[in-house]
Amino acid sequence: MQTRILLVKFVLLASCLIHSRVCSPSCNFPAIFNFGDSNSDTGGLSAAFGQAPYPNGQTFFHSPSGRFSDGRLIVDFIAEELGLPYLNAFLDSIGSNFSHGADFATAGSTVRPPNSTISQGGASPISLDVQLVQFSDFLTRSQLFRSRGRVFEHLLPRKEYFSQALYTFDIGQNDLTAGLKLNMTADQIKAYIPDVLNQFSNTIRTVYKKGGRRFWIHNTGPLGCLPYVLDRWPVPDSQIDGHGCAIPRNEIARYFNAELKKRVIGLRKELVKAAITYVDIYTIKLTLITQAKKLGFKYPLVACCGHGGKYNFNKLIKCGAKVMVKGKETVLAKSCNDVSFRVSWDGVHFTETANRWIFQQINGGEFSDPRLPLQFACTK
Ligand SMILES: *[C@@H]1O[C@H](CO)[C@@H](O)[C@H](O)[C@H]1NC(C)=O
Ligand SMILES: *[C@@H]1O[C@H](CO)[C@@H](O)[C@H](O)[C@H]1NC(C)=O
Ligand SMILES: *[C@@H]1O[C@H](CO)[C@@H](O)[C@H](O)[C@H]1NC(C)=O
């Protein structure tokens with residue numbers, strides 16, 4: 001513990017020397033409010049539509065924890081780094097404690113309201129606009145209940161936390177795959193990206209109006225390197241790069257990110273009191289996948305927990321799927337034995353080891369714009 005504190009002090013001192021702007025004490029974020037999809041869902045979809053089954057959660061929580069991973073997600077490592085408890089899902093009515101934030105993300109969420117729902121193979125109905133409604137309601141009602149005192153004071157955030165909190169966003173991936181599901185061409189998908197980003201920007205504006213000041217926005221990862229994308233929407237071999245990723249899918253992700261970055265730059269001018277950090281998750285995840293071996297990881301394009309095929313991914317037999325064999329339930333899509341060396345957990349999401357590695361890259365600020373460590377993401 002002592003060495004960790006020393007290390008943190010050293011890192012702070014070092015960042016103080018590198019970026020003169022951050023010589024001030026760190027931001028001391030008292031809370032995190034997260035919006036997003038499965039990349040940061042800590043139990044939302046599970047609360048509404050049933051738990052993500054074991055072996056999800058096997059490594060760290062040792063039972064299903066509402067996360068699509070064997071363990072912690074990037075947002076969990078962010079919470080740890082800020083000295084805050086793991087975020088409970090806003091939708092989770094069992095045992096939740098929101099005193100230091102809430103998670104509005106659900107797996108399958110899109111920015112735009114979807115036109116088909118989960119039972120039709122569509123997206124989560126908890127799209128970003130709904131998450132925003134839930135946040136607004138949380139903001140108002142949490143204060144109403146806090147004023148009643150007693151246990152509510154120990155379960156809900158203080159009023160001032162809403163302006164001091166870090167507002168984190170990781171969403172957009174499912175808006176891109178929504179087009180793939182409709183067999184759209186890359187040009188057709190690109191054509192609706194402005195609409196996605198308009199709606200995204202409006203969400204940031206609304207949170208700002210309600211008092212949010214510190215924003216932390218992840219761009220979208222390399223879609224074309226994800227086993228489920230490679231399996232479900234295959235491209236000809238001529239469109240597969242040297243690492244096995246689908247070139248046109250990554251191109252869409254990069255286009256989305258370039259446009260997102262422009263919006264962030266615009267929002268900084270408009271929302272003058274906000275500190276908005278844009279985090280290049282794409283480059284970090286691409287590095288992890290393309291340099292997996294060098295970094296000590298294995299089979300970056302193969303799901304650890306899945307069932308068969310080149311990518312060990314089958315959309316009909318997802319991680320944890322069970323079958324009845326002679327009247328007994330048997331798990332058909334099991335975890336691999338070397339999960340701590342794997343990148344892809346279930347073909348869609350990353351393993352805890354991968355999430356930790358990604359977090360470590362994020363934390364230092366090297367992939368952020370502005371280039372500030374997480375602890376200083378309130379600095380303008
Ligand atoms: C849903 O349908 C409406 C009306 O056709 C359309 O304007 C909107 O863009 C669609 N949304 C998505 C996410 O495709
Ligand atoms: C909720 O979590 C906070 C921070 O971990 C803790 O101080 C508080 O006592 C918890 N509330 C309850 C009712 O246990
Ligand atoms: C997309 O194309 C596939 C294969 O040609 C077809 O089976 C599917 O019905 C199409 N989906 C839509 C939404 O058009």
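Quick notes on this one:
- Single unsatisfied condition, Thr330 versus (1) more than 19 Å from the chain's Cα centre (by Cα); (2) part of a loop (DSSP other than H, G, I, E, B): (2)
- Residue in region 123-140 that is surrounded by fewer than 19 Cβ atoms within 10 Å (Cβ to Cβ) and either within 16 Å of ligand 3 (Cβ to nearest atom) or charged (D, E, K, R) (or both) present: yes
- Region 96-112 residues that are in contact (Cβ under 8 Å) with a residue 40 or more places away in the chain, paired with ones that are within 16 Å of ligand 3 (Cβ to nearest atom) and among the aromatic types (Phe, Trp, Tyr) (beta carbon under 9 Å, 6 or more apart): Arg112/Tyr192
- Among the residues of region 141-159, those that are part of a loop (DSSP other than H, G, I, E, B), within 13 Å of ligand 2 (Cβ to nearest atom) and either aromatic (Phe, Trp, Tyr) or surrounded by fewer than 17 Cβ atoms within 10 Å (Cβ to Cβ) (or both) comprise Gly149, Leu155, Arg158.
- Of all residues making up region 109-130, the number that are part of a helix (DSSP H, G or I) and either aliphatic (A, V, I, L, M) or touching a helix residue (DSSP H, G or I) at 6+ places or on another chain (Cβ under 8 Å) (or both): 4
- Verdict on Ser96 being within 13 Å of ligand 1 (Cβ to nearest atom) and either buried (at least 21 other Cβ atoms within 10 Å of the Cβ) or not in a helix (DSSP H, G or I) (or both): no
- Test: residue in region 151-163 that is among the basic types (Lys, Arg) and either within 16 Å of ligand 3 (Cβ to nearest atom) or closer than 24 Å to Asn39 by Cα (or both): no
- Residue in region 14-30 that is at negative phi, among the hydroxyl-bearing types (Ser, Thr, Tyr) and either at pLDDT 95 or above or surrounded by 22 or more Cβ atoms within 10 Å (Cβ to Cβ) (or both) present: no
For every residue, the table says whether it meets (1) more than 25 Å from Cys245 (Cβ to Cβ); (2) outside any helix (DSSP H, G or I); (3) modelled with pLDDT under 95; (4) of a type in the set (Ser, Thr, Tyr).
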position: Met324; (1), (2), (3), (4): yes, yes, yes, no
position: Lys334; (1), (2), (3), (4): yes, yes, no, no
position: Val348; (1), (2), (3), (4): no, yes, no, no
position: Trp357; (1), (2), (3), (4): no, no, no, no
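- Matching residues in region 155-172 - criterion: being within 17 Å of Thr42 (Cα to Cα) and either small (Gly, Ala, Ser) or within 16 Å of ligand 1 (Cβ to nearest atom) (or both): Ile171
- Filtering region 203-251 to residues that are among the hydrophobic types (A, V, I, L, M, F, W, C) and more than 26 Å from Asp129 (Cα to Cα) leaves Cys225, Leu226, Leu230, Trp233, Val235, Ile240, Cys245, Ala246, Ile247.
The values are calculated or read from the model by the stated rules, or taken from the named source; none is laboratory data. On a predicted model such as this, the values are computed, not experimentally measured, just so you know. So basically every Cβ, Gly included, is an ideal-geometry build from the backbone, and we count neighbours across all protein chains shown.
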